[in-house]
Amino acid sequence: MYNTKFITENGKDIYPGYLSREQRALIREQYMGKKGYMRCACRPDAGLYYKVSGDLKIYPEHNGYTHDRYCCRYKNLTGSEQQKPPYYVGEDGEVTVFTSVDPRRFSRKTDSLEKSQQYTITLDEECAESEDVLIGKDDPQKTVKEPQLGLDGLVRGINVDCFTEKVLNGKTIENRQNFSTYVYYRTKKVKLSRNKKAIGDLTLEKEGVRFMYVPFAGICQSRNQDFSKFYMQTISADGKMFKNFTFPEIAENAVKKFRKQYGTDPDSNTFLAGFQYIKNCTVPWKNKSNNNTYRVLERV
Ligand SMILES: [Zn+2]
């Protein structure tokens, strides 16, 4: 198990990544003037003590601690840090995720439906979970293995992260809508290692892409002249039903994957999670820019 935890002198577990400023201030106040009140949980007997400073950050009480190899505070002899897990909640509360998916990779240049559909082939590859992706191709001697998450792994990470935060901070999850709103705010702290922007801050207007994590409400099809269009329906925060355009194979793939994983069809407990793109393509049935959506389903 990868350790991020502290233990206080009265035996309470503390996960600094989920501590708000108010909570940090409370700990500081509670232990004002005291030493050795919070130790790293990787080696409880070693007494690796930490404290909350005036700027509400967490600092070691001494230098030269030797943490367990699987501790987020571990540093090797050269002082470099241990490889972080692919979904990493930092001590400051910022989340970094190493992914094989680049939400911004799909350019807005797609100018025909054929091309859009070519893209759907690459999507499947992107969804594949890659635990060990080789980087540093230039120097094979120095090849580093860096774990990365596909879209599935990213969404799963967000699920667990949001749920953990809620539980640790004594918040209740009332319903899907409530959790979806919560995820929306949480993703404003979640950054992909490859992008500077938090995924919750990506917008269709600026980046041409946004992250969605919303209650799912079924798939519908509509016929329009010669074309059959697919939509994935979702429910917005104010309870309105939305139709999100998608390609049939995207919808089918998502449902297939869902069935394989959960042995059931997506239902009223299901979330729809993924990235929605805006494309400036000329689609036969529309003159204006069109939203093409590419998703994968996950359940909480
Ligand atoms: Zn430690």
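Compactness ratio of the range 1-115: Cα Rg over 2.2 N^0.38 Å, N = residue count?
Numbers: Rg = 19.0 Å, N = 115, 2.2 N^0.38 = 13.4 Å.
Here the answer is 1.42, to two decimals.
Set the Förster distance to 22 Å, then compute FRET efficiency between residue 242 and residue 269 from the Cβ-Cβ distance, nearest 0.05. Please list the in-between numbers first.
Numbers: r = 18 Å, r/R0 = 0.83.
Here the calculated transfer efficiency is 0.75.
At 7 Å along the Cα-to-beta-carbon direction for both residue 10 and residue 35, put a label point, then send me their distance in nm to one decimal.
Those two pseudo-labels are separated by 2.3 nm.
What FRET efficiency comes out for residue 1 versus residue 76 if R0 is 22 angstrom and r is the Cβ-Cβ distance? Round to the nearest 0.05. Mind showing how you got there, number by number?
Numbers: r = 19 Å, r/R0 = 0.88.
E between residue 1 and residue 76, to the nearest 0.05, is 0.70.
Label-point separation (nm) for residue 260 and residue 227, each offset 7 Å from Cα along Cα-to-Cβ?
So the two model labels end up 2.9 nm from each other.
Which GluC sites (Glu not before Pro) from the range 138-243 combine a DSSP loop assignment with at most 13 other Cβ atoms within 10 Å?
Numbers: sites: 165, 174, 205, 207; in loops: 174, 205, 207.
Loop-located and lightly packed - 174, 205.
Exceeding 31 Å between C-alpha atoms, which entries from my cross-link table qualify? They are 196/229; 5/206; 206/243; 191/229; 57/188.
Values: 196/229 35 Å; 5/206 38 Å; 206/243 22 Å; 191/229 33 Å; 57/188 20 Å.
From 196/229; 5/206; 206/243; 191/229; 57/188, over 31 Å: 196/229; 5/206; 191/229.
A short reminder: the numbers here are calculations on the coordinates, not readings from a lab. Computed from a predicted model, the values in this text were never measured in an experiment. Reconstructed Cβ throughout: ideal geometry from the backbone, glycine too, with neighbour counts over all protein chains shown.
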